[in-house]
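Enquirer: For reference, the structure I am asking about is given below.
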Amino acid sequence: MIVLKTDAEIDAMRAAGALSAEILDKVEDLIKPGITTLDIDVFVHEYTIRNGGIPAPLNYRGFPKSVCTSINEVVCHGIPSSKVKLKEGDIINVDVTSIIDGYFGDTSRMYFVGSNILPVARKLTEVARSCLFRGIKQVKPGARVGDIGHAIQSYAEKQGFSVVREFVGHGIGRTFHEDPQIAHYGQPGKGTKLVEGMVFTIEPMVNQGHWKTKVLKDGWTAITIDGGLSAQWEHTLAIKSTGEVVILTESAKEISTRPVV
């Protein structure tokens, strides 16, 4: 069942979204060769608590950390570890969800580690971000979930990449995951109709090679089936009663670097 939100509830969600975005702004300063993904987790956990929030991933369905850190071939849900150090040339997704006053704000970004980034890794990362905003551009009352998925899939595939099928965006509010599911592939005019009051994430995962993934024995870490690179960007957005579409997890820094789509 889709839980529609009032404009007041959407406005109340802004605090959680803003904190998550602020954390990702701060994380950028951490990303360098030699730090561990546990260093990132400790920072995110402490910053969240210090600013009045709760890190939603911690203990969610048994997830053991406060943030997801997904490097190179890891598609999503990478578990921070003191044994995993960032290396020159890596790409990493950091996925943050904060809870404030009972509302969730879910967002993720990609970061380059160092300056010696392979051209394909740079292109993949940029295409994934463009996919996110091409999906967001389709959001309006009366549109369909398939419009979002088609915009993402068609662009990614034209660029020579593929879109993950097994993981999707989702409704969000006072619970982490709600209806509707937002697939990042599909056909225009198909799927759930978008209406005022919907709040959901769009979070395309774009792979260098095949779109299939597999989950490791830890039950969480999803990797590409062929060892190719993967990149993901995510925002939480809402459709207000006026039909206005607002992104709840975008910092001023991000707004200034939005891709043109």
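No value in this document is a laboratory result; all are computed from the given coordinates. Note that the structure is a prediction, hence the values are computed from the model and not measured. Please note: Cβ atoms are built from the backbone with ideal geometry, for glycine as well, and neighbour counts cover all protein chains shown.
Enquirer: Residue by residue, what Karplus-based ³J(HN,Hα) values in Hz, rounded to whole numbers, does the range 12-29 have, using 6.51, -1.76 and 1.60 with θ = phi - 60° and x for Gly and Pro?
Expert: Residue by residue, the range 12-29 yields 5, 6, 4, 5, 5, x, 5, 5, 4, 5, 5, 4, 5, 4, 5, 4, 3, 6 Hz.
Enquirer: How long is the gain from ASP101 to MET1 if the chain were fully straight, where each residue apart is worth 0.36 nm and the alpha carbon distance is subtracted?
Expert: Full extension from ASP101 to MET1 adds 33.7 nm.
Enquirer: Now for a separate question. Taking the alpha-carbon centroid of each part, what is the distance from the range 90-115 to the range 182-197 in angstrom?
Expert: So the separation of the two Cα centres works out to 24 Å.
Enquirer: How large, in Å, is the range 102-248 by the Kirkwood hydrodynamic radius built from its alpha-carbon pairs?
Expert: The Cα-based Kirkwood calculation yields 15.6 Å.
Enquirer: Let me ask something else. For a quick protection proxy, order the peptides 135-141, 15-21 by their average other-Cβ count within 10 Å, most packed first.
Expert: For the peptides 135-141, 15-21, the packing ranking is 15-21, 135-141.
Enquirer: Could you line up SER251, SER230, SER130 from fewest to most neighbouring Cβ atoms inside 10 Å?
Expert: SER251, SER130, SER230
Enquirer: Suppose only helical runs count, i.e. DSSP H with n ≥ 4. What mean residue ellipticity at 222 nm does that imply for the chain under -39500 (n - 2.57) per run, divided by all residues and rounded to the nearest 500 deg cm²/dmol?
Expert: Taking each H run of at least 4 residues, the total per residue is -8500 deg cm²/dmol.
Enquirer: While we're here: Just in the range 211-255: which GluC sites (Glu not before Pro) are loop by DSSP and have at most 14 other Cβ atoms within 10 Å?
Expert: GLU244
Enquirer: When only alpha-carbon atoms count, how far does the chain stretch along each of its three principal axes, as whole angstroms with the largest first?
Expert: 48, 43, 37
Enquirer: How much net charge surrounds TYR185 when only the other residues with a Cβ under 10 Å from the Cβ of TYR185 are counted, with Lys and Arg +1 and Asp and Glu -1?
Expert: So the environment of TYR185 carries a net charge of 0.
Enquirer: Also, I was wondering about something else. If you line up the Cα atoms of the range 195-261 on their principal axes, what length do they span on each, largest first, in Å?
Expert: 45, 26, 19
Enquirer: If I model a spin label as a point 7 Å beyond the Cα along the Cα-Cβ vector, how far apart are those points for ASN51 and ASP226 in nm?
Expert: Roughly 3.9 nm, to one decimal.
Enquirer: Which order do the peptides 186-192, 219-225 take when ranked by the mean count of other beta-carbon atoms within 10 Å per residue, highest first?
Expert: Result, highest mean first: 219-225, 186-192.
Enquirer: When you count, for each residue, the other Cβ atoms within 10 Å and take the mean per peptide, how do 59-72, 196-209 rank with the highest first?
Expert: The packing order, highest mean first, is 196-209, 59-72.
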